[in-house]
1. Could you please rank ASP162, ASP239, ASP4, ASP258, placing first whichever residue has the fewest other Cβ atoms within 10 Å of its Cβ?
2. Would you mind ranking ILE125, ILE152 so that the residue whose beta carbon has the fewest other beta carbons within 10 Å leads the list?
3. Under 12 Å from a label point 7 Å along Cα→Cβ of ALA256: give me every residue in the stretch 218-247 with its amide N that close.
4. Sorted from fewest to most neighbouring beta carbons within 10 Å, what does the list HIS142, HIS53, HIS74 look like?
5. Assuming a strict under-22 Å limit between Cα atoms, what lysine pair count do you get for the stretch 60-141 once near-sequence pairs (fewer than 8 apart, same chain) are dropped?
6. Which ³J(HN,Hα) values in Hz, rounded to whole numbers, follow from the phi angles of the stretch 170-184 under the Karplus curve 6.51 cos²θ - 1.76 cosθ + 1.60, where θ = phi - 60° and Gly and Pro get x?
Amino acid sequence: MFFDLNVPVHHPQHSSAQISKKNKGKQAQQPAEVTYTPAQVAAVEARLDLLVHLGYTVVALNQTVQTAVVPKVHVNILENLIQQLKPRPGIVILKRLTIVLDQESEKGFGLTPANASIFKPYDLIALVPTTLSTLSLACLTHSQPSVLTAHIIALPLTLRLDFRMKHTLVRTALKNGTVFEINYVGALGGENDTVLVEAGAAESGASAKRNWWATTKEVTRLTKGKGLIVSGGVVAEADLRTPRDVSNLITLLGLAQDAAHSASTSAPKSLVLRAQTRQTYRTVFSDPVLVIPEGTMPTPSVTSTPTISSSDTRSDKKRSREGEEGEDEPPQKKGNANGPENSSRKKKRKKNAQEGR
């Protein structure tokens, strides 16, 4: 079972949820429903068919939002799309929301309990920190177990980071169950998601490939190969690779073959299972009630009282009498062990004395 938890989906008519300085004081409009044309649905179908052909069985469609999630303008573009896709037996399609964190996100990016209903339809929540402060928020605050836990931290690998990742931040995020994502599209120099490029969280070209290798090696060194997942993040179909090719590519970062294989199999599987528990976090469960199906209860057996025979009573009375008689007899004095021998000697001496007279 191979996973690709980053398949970008972008709707041309839908702009990312972002508040500009001009519209800060204006009343935001209610979000409208997003509709897909048959050509757009056919393009997504072709992408999914190619992923299935390459060997992927679990795929996550990714919606990317810049800066923050604003309840009044945010639209879930994946809900309507998945309903229009044809069923594929044995293939699991998940919904993922990625939030790009910048300097404006330090004030808040909508990941609050008041907006829990917005994030509930999504199976996975990912954060892309671009500054040291947002990385600290993602690793320390939003990795804590809650209804709004961030499951994935996807660093902008194609950029040259202007901050240094601290060992304590990475270890804390891994301890809380958050994983770090590596998108292999940067190693190929392929096209990135449009929203990421507009937000300044991704770039293409030769310098992007150099930055990808340098940053990814640093992430691998800090995590020691634990808590890593490998995804695509591919926009062009020509950049898609099979899971075996991806594992061979990741081994060039210094990972062992088994660790590179688990980055696209067991690690994302455990991540998805942990993400499902987000729906039942801190819920109230009723007291357990034992329900026994009919016909399986054993019939209660009738307990019979033991009968006492007359012979038993007689033997008991006889034993009690013997015990009473033994108590009435005075205790015998203990004599010397050589008592009979001494008495016979005395008699002999007495007889010899009489004869001598």
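1. Ascending Cβ contact count within 10 Å gives the list ASP162, ASP258, ASP239, ASP4.
2. Working: ILE125 20, ILE152 24.
Final ranking by Cβ density, sparse to dense: ILE125, ILE152.
3. Residues 225-226 qualify, since their backbone N sits under 12 Å from the label point.
4. By the 10 Å Cβ count, ascending, the order reads HIS53, HIS74, HIS142.
5. Within the stretch 60-141, the lysine pair count is 5.
6. 5, 5, 5, 5, 5, 5, 7, x, 7, 10, 9, 9, 10, 9, 6
Where a number appears in this text, it was derived from the coordinates with a stated rule and is not lab data. If you're wondering where the values come from, they're calculated on a predicted model, not measured in any experiment. No Cβ is skipped: glycine too gets one built from the backbone with ideal geometry, and neighbour counts run over all protein chains shown.
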